[in-house]
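Taking it in order: structure first as structure tokens, then the write-up.
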Amino acid sequence: MACFLISAAEALVVTAVAQGVKHHEKKREENLGHTAERLNSEKTYPWSRRLMLLAYLLWGGVVLLAFEHVWHGEVVPWFPFLTAMGDPNDKAEMLHEMATVGVTMACLVTAVWGVIMATASAILKRPEKEPVPEAA
């Protein structure tokens with residue numbers, strides 16, 4: 001009923017943190033001056049981009065889940081917006097769903113993001129292969 005709100009909260013926090021990290025990275029790059037050109041030419045994947053990838057994954061899930069809940073009539077355009085908020089028995093069910101399904105989905109998306117980041121780091125740390133000379 002409202003499980004997407006958990007992912008939305010995480011996405012909001014991750015987006016804010018990513019913006020802060022991006023600002024910090026930009027300041028650090030300005031302080032390094034000419035060294036920044038060298039850093040940009042190397043294979044790097046800054047943390048701000050990594051965090052924004054997580055935010056994009058979470059926001060995408062939020063949009064799809066919100067659409068699904070609207071489609072099934074669980075979210076409505078009038079107050080209190082969630083149909084479960086009208087009945088106290090439904091409130092308990094909604095909070096239980098948020099605590100179980102919502103948290104599980106948010107943790108699963110974050111775990112998948114972690115695997116993606118670990119794989120990307122392993123790929124970036126691999127030494128480049130030397131080109132094979134052609135036989136003439």
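The values are calculated or read from the model by the stated rules, or taken from the named source; none is laboratory data. Remember, predicted model here, so these are calculated numbers, not experimental data. All Cβ positions, even for glycine, are placed from backbone atoms using ideal geometry, and neighbour counts span all protein chains on display. What goes into the accessible areas is simple: the full protein's heavy atoms, side chains included, and nothing from ligands, DNA or RNA. Shrake-Rupley method; radii C 1.70, N 1.55, O 1.52, S 1.80 Å.
Quick notes on this one:
- Helix 47-71 vs. the chain, principal-axis angle (Cα, 0 to 90°, nearest 10): 30 degrees
- Nearest-ten-degree value, helix 4-32 long axis tilted from longest Cα axis of the chain: 30 degrees
- Pairs of Lys in the chain closer than 24 Å at Cα, counting only those 8 or more apart or on different chains: 7
- With Cα atoms defining each centre, segment 118-136 and segment 83-108 are spaced 48 Å apart in the structure.
- Long-range amide H partners of Leu82 with built H, under 5 Å: Val76
- Folded to 0 to 90 degrees: helix 88-97 orientation relative to the chain principal axis, Cα: 20 degrees
- Cα Rg, Dmax, segment 52-136, angstrom units: 22.1, 82
- Using the 1.4 Å probe convention, the accessible area of segment 81-136 works out to 78 Å² per residue with neighbouring protein chains retained.
- Given charges at beta-carbon only (K, R positive; D, E negative), |dipole| of the chain in Debye: 620 debye
- Orientation-averaged projected area, Cα convex hull of segment 70-118 (nm²): 4.4 nm²
- Given charges at Cβ of Lys, Arg, Asp, Glu: the chain dipole, positive-most of Leu12, Tyr45, Ala118: Tyr45
- Ranked by how many other beta carbons lie within 10 Å on average, peptides 85-96, 2-13, 58-69 from highest: 2-13, 58-69, 85-96
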